[in-house]
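First up is the structure itself, then whatever we jot down about it.
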Amino acid sequence: MTLRDELASIVSVTGVAHVEFREQIASTNDLALEQCCSKDLPTPLLVLTDRQTAGRGRGKNQWQASPGALTFSLVVDPQQLQLDSENWPLISLSAGVAVCEVLERLAQSNAFHLKWPNDIFVNDGKISGILVEVSPSLGRRVVVGIGINVNNSFQHADGEQSFPAISLADVTQRQWEIRDVLTEVTRSVLAKLTDLVEGKGEIVAAMNQRCYLNGREVVIALGKNQIRGSCLGIDPQGALLVSTQAGTRRVYGGVVQSFSPNR
């Protein structure tokens, strides 16, 4: 069965209000942001595709989704979730923890880590990326875009990329049902956003437990400037703590350009 054939089942299992499905689309986040223009949009909304051709990442990065990857977006209403705006910077990191937990269960491995602010790494390869965007209209709904390399193997790919890619199939040496990964991740992400409302202490602890950059020397591009230093972890507001020559910096935005091997 295809994902299109299982839309009703996906709604019932995940608890989303509606699924907007396209067989092929440039970006699920773009379609999700378009859907946010509707005043009567049912949320949580799942925007799903079999094939994404022009996914976007943080900054000018792109998410390359080859066949076998899972790409989707969740539209949530922070007001409906009773999620205060001060916790919005933690949405991407909370979703990252949720993805880590699901992949750890599936792979039966605790080697999955969160590379601040929006990537999941395993065995020093990138397996997932998350892009959170806020709709500028109608209650400022939040779009959580998620891409996961599931069955698209990278075992024979060249190693020239800065952050080499890896898939769940590479890690586990087996193929997976895309629907099963989708439903597990969707439920986990929605549960983590609820946890943010009830208390973020456990989520912040989970972020730091899985922080891939902890103890590494990092270079972060922030506009036209760069921040260089040693990563000290993630603070309760979602900022990356970086020890620099000028003291500890709290970094809320920017793109991690490079990082040192683990010590």
Any chance you could count how many residues in the stretch 85-107 are of a type outside the set (A, V, I, L, M) and either at pLDDT below 95 or in contact with a helix residue (DSSP H, G or I) (Cβ under 7 Å, 6 or more places away or on another chain) (or both)? 8
Take the residues in the stretch 109-137 that are touching a Ser or Thr at 6+ places or on another chain (Cβ under 8 Å) and outside any strand (DSSP E or B), then tell me which one is nearest to VAL189 (Cα to Cα). ASN118
Members of the stretch 214-261 found to be closer than 18 Å to PRO89 by Cβ and among the aromatic types (Phe, Trp, Tyr), listed by number: TYR252
Per the list (1) surrounded by fewer than 16 Cβ atoms within 10 Å (Cβ to Cβ); (2) assigned by TED's automatic domain parsing to the domain that holds LYS126, residue check on ILE166 breaks on (1)
Looking at GLU198, GLU177, which is the one that is within 30 Å of ASN151 (Cβ to Cβ) and either charged (D, E, K, R) or surrounded by 17 or more Cβ atoms within 10 Å (Cβ to Cβ) (or both)? GLU177
If we keep only residues of the stretch 2-26 that are part of a loop (DSSP other than H, G, I, E, B) and free of Cβ contacts under 8 Å to residues at least 40 places away in the same chain, then the residue nearest to ARG187 (Cα to Cα) is ALA17
Unmet criterion (only one of (1) touching a residue at least 40 places away in the same chain (Cβ under 8 Å); (2) among the aliphatic types (A, V, I, L, M); (3) surrounded by fewer than 19 Cβ atoms within 10 Å (Cβ to Cβ)) for MET207: (3)
Subset of the stretch 1-34, residues crowded, with 18+ Cβ neighbours inside 10 Å and at positive phi, comes to none
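The values are calculated or read from the model by the stated rules, or taken from the named source; none is laboratory data. The structure displayed is predicted, hence computed values, not measured ones. A quick note on method: Cβ atoms are made from the backbone with ideal geometry, for glycine too, and the neighbour counts reach across all protein chains shown.
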